[in-house]
Amino acid sequence: MGKSTNAEMISRVREVYGLLVKSYSRFEILQYAAEKWEVSDRTGDIYIQRARELIQQDSDIERPQWLAAAIARLVKYEQKAGREDNLQTAIKALETQAKLLRFDL
């Protein structure tokens, strides 16, 4: 198979990122890459390295940024649960928001 495009490389690295997050081993990822994209172990290792760099970047987030993103997700969960009349989930999302913001309930 020929050299992959930049867009293909980005897509593959993102896919490997997902596999790493799901705890796939190096061997499993190399096997997956060989079967799916017909690439060598060396190329598979490059995908793994780049995916690990992305994971590292994601974990370098500062607490205020993480907190803001978590609250935003919880608000969406609360809204969706409310629209679906799933009041237990809506209340739990609201309680979790309050806990993260250190409000006493």
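Return the residues of the range 50-72 that are surrounded by fewer than 12 Cβ atoms within 10 Å (Cβ to Cβ) and of a type outside the set (A, V, I, L, M, F, W, C); say none if nothing qualifies.
Across the range 50-72, the qualifying residues are Gln56, Gln57, Asp58, Ser59, Asp60, Glu62, Arg63, Pro64, Gln65.
Against the definition (surrounded by fewer than 14 Cβ atoms within 10 Å (Cβ to Cβ) and either touching a His at 6+ places or on another chain (Cβ under 6 Å) or at pLDDT 95 or above (or both)), how does Gln88 come out, yes or no?
yes
Exactly one of (1) under 15 Å from the mean Cα position of the chain (by Cα); (2) open to solvent by 50 Å² or more (accessible area, probe 1.4 Å) is unmet by Lys36. Its number?
Looking at each condition in turn, Lys36 falls short on (1).
For the range 1-31, which positions are open to solvent by 70 Å² or more (accessible area, probe 1.4 Å) and hydroxyl-bearing (Ser, Thr, Tyr)?
Result: Thr5, Ser23, Tyr24.
Suppose we filter the range 1-33 for residues that are in a loop (DSSP other than H, G, I, E, B) and more than 12 Å from the chain's Cα centre (by Cα); how many remain?
Total satisfying the criteria: 8.
Does Ile29 satisfy the condition of being over 30 Å from Leu101 (Cα atoms) and without any contact (Cβ under 8 Å) to a residue 24 or more places away in the chain?
Yes: the conditions hold for Ile29.
Restricting to the range 72-105, and then to whatever is assigned to a helix (DSSP H, G or I) and in contact (Cβ under 8 Å) with a residue 24 or more places away in the chain, can you tell me which residue is nearest to the chain's Cα centre (by Cα)?
Leu74
Asp58 - would you say it is part of a helix (DSSP H, G or I), modelled with pLDDT under 95 and charged (D, E, K, R)?
yes
The values are calculated or read from the model by the stated rules, or taken from the named source; none is laboratory data. As the structure is a computational prediction, the values presented were derived from the model and not from experiment. Please note: Cβ atoms are built from the backbone with ideal geometry, for glycine as well, and neighbour counts cover all protein chains shown. Note: accessible area is taken over every heavy atom of the protein model, side chains too, but ligands, DNA and RNA are not part of it. Shrake-Rupley method; radii C 1.70, N 1.55, O 1.52, S 1.80 Å.
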